[in-house]
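The values are calculated or read from the model by the stated rules, or taken from the named source; none is laboratory data. In this text, all values refer to a predicted model and were calculated from it rather than measured experimentally. Don't worry about glycine lacking a Cβ; one is built from the backbone with ideal geometry, like all the others, and counts go over all protein chains shown.
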């Protein structure tokens, strides 16, 4: 059994579409303590099965890619207890896939090396390699090229999925970005993020990181009004996050926001 955490993008800079159809990005990825539970066991028969979340596709794809790469016919039973909201910009599906890959690989007679798991993960989705590693990461390329980051984590994260908000498909979100010429000035914005990261020494400095290029929300101002020193949308949305230095203020904010949707107060996993 493995806890599969959600993530937030503390910054997301998006550039032009690449030759492979994906977009160039630079993003700061941080795990938070909202988790799904993923359990993988050996299963009899020739086909793996996922229970607990009938709409899953990515975990099934992860198991199939593992079996193909390992050249084996091992079957698995995966049980998912979902707590991370679906299609919310929190990476729940990618995290579940990474947790299933790790556990299933450990059950093989000849487990694949970590580098091969990372390769398989990148083929499933840009966020999967992040969840196969530990710690804060700076994602570049399509987001799956990862470098370690050390950032202060003495804050509480309030996640808010406002009532009535739903995510357009990721493809539609990126298409809208392209239509408005969002990639213009990418090099300068990319450098601004690198410069801001170089200047981070305290929690308060995280407020200076550039905000999400892909999606914005006027509701960020509501989190700021409730005491967040930084508020933004994570990933392709629609979930917002606010960073709070005062745990009590964060809990009060989450309680207030829960009247207008789903809200959850937690910490980064590095903070515990």
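Does the stretch 225-237 include one or more residues that are in contact with a helix residue (DSSP H, G or I) (Cβ under 8 Å, 6 or more places away or on another chain), surrounded by 19 or more Cβ atoms within 10 Å (Cβ to Cβ) and in a helix (DSSP H, G or I)?
Within the stretch 225-237, not a single residue is in contact with a helix residue (DSSP H, G or I) (Cβ under 8 Å, 6 or more places away or on another chain), surrounded by 19 or more Cβ atoms within 10 Å (Cβ to Cβ) and in a helix (DSSP H, G or I).
Only one residue in 250, 263 is in contact with a helix residue (DSSP H, G or I) (Cβ under 6 Å, 6 or more places away or on another chain), over 18 Å from residue 151 (Cα atoms) and modelled with pLDDT of 95 or more. Which one?
Working: 250 fails: in contact with a helix residue (DSSP H, G or I) (Cβ under 6 Å, 6 or more places away or on another chain).
So the residue among 250, 263 that is in contact with a helix residue (DSSP H, G or I) (Cβ under 6 Å, 6 or more places away or on another chain), over 18 Å from residue 151 (Cα atoms) and modelled with pLDDT of 95 or more is 263.
Residue pairs, Cβ under 6 Å, 6 or more apart or interchain, first in the stretch 92-119 and outside the structural domain of residue 44 (by TED's automatic domain parsing), second buried (at least 24 other Cβ atoms within 10 Å of the Cβ) and in a helix (DSSP H, G or I). List them.
No pair meets every condition.
Residue 84 passes all but one of (1) closer than 30 Å to residue 196 by Cβ; (2) without any contact (Cβ under 8 Å) to a residue 12 or more places away in the chain; which number fails?
Failing condition for residue 84: (2).
Confirm whether residue 102 is in a helix (DSSP H, G or I) and surrounded by fewer than 24 Cβ atoms within 10 Å (Cβ to Cβ).
On the way: in a helix (DSSP H, G or I): yes; surrounded by fewer than 24 Cβ atoms within 10 Å (Cβ to Cβ): yes.
Spelling it out, residue 102 is indeed in a helix (DSSP H, G or I) and surrounded by fewer than 24 Cβ atoms within 10 Å (Cβ to Cβ).
Can you tell me which residue within the stretch 65-86, out of those that are surrounded by fewer than 17 Cβ atoms within 10 Å (Cβ to Cβ) and assigned to a loop (DSSP other than H, G, I, E, B), is modelled with the lowest pLDDT?
Looking at residues that are surrounded by fewer than 17 Cβ atoms within 10 Å (Cβ to Cβ) and assigned to a loop (DSSP other than H, G, I, E, B), I get 73.
Please go through the stretch 105-123 and pick out each residue that is within 19 Å of residue 25 (Cα to Cα) and buried (at least 21 other Cβ atoms within 10 Å of the Cβ). Before you say what the answer is, go through the steps one by one.
Here is the first cut: in the stretch 105-123, the residues within 19 Å of residue 25 (Cα to Cα) are 118-119, 121-123.
Matches in the stretch 105-123: 121 only.
crowded, with 24+ Cβ neighbours inside 10 Å, within 14 Å of the chain's Cα centre (by Cα) and within 20 Å of residue 80 (Cα to Cα): which single residue out of 6, 62 fits that description? Give the derivation first.
Numbers: 62 fails: within 14 Å of the chain's Cα centre (by Cα).
Unique residue meeting the criteria: 6.
Which helices (runs of 4 or more DSSP H) sit wholly inside the stretch 125-213 and have at least 2 residues that are at pLDDT below 95 and not assigned by TED's automatic domain parsing to the domain that holds residue 260?
Details: elements: 128-132, 170-179, 186-198.
Where helices (runs of 4 or more DSSP H) fall fully within the stretch 125-213, none carries at least 2 residues being at pLDDT below 95 and not assigned by TED's automatic domain parsing to the domain that holds residue 260.
Within the stretch 1-56, can you find the residues that are free of Cβ contacts under 8 Å to residues at least 24 places away in the same chain and in contact with a helix residue (DSSP H, G or I) (Cβ under 8 Å, 6 or more places away or on another chain)? First the steps, then the outcome.
Pass one, the stretch 1-56, residues free of Cβ contacts under 8 Å to residues at least 24 places away in the same chain: 19, 21, 54.
The answer is none; no residue qualifies.
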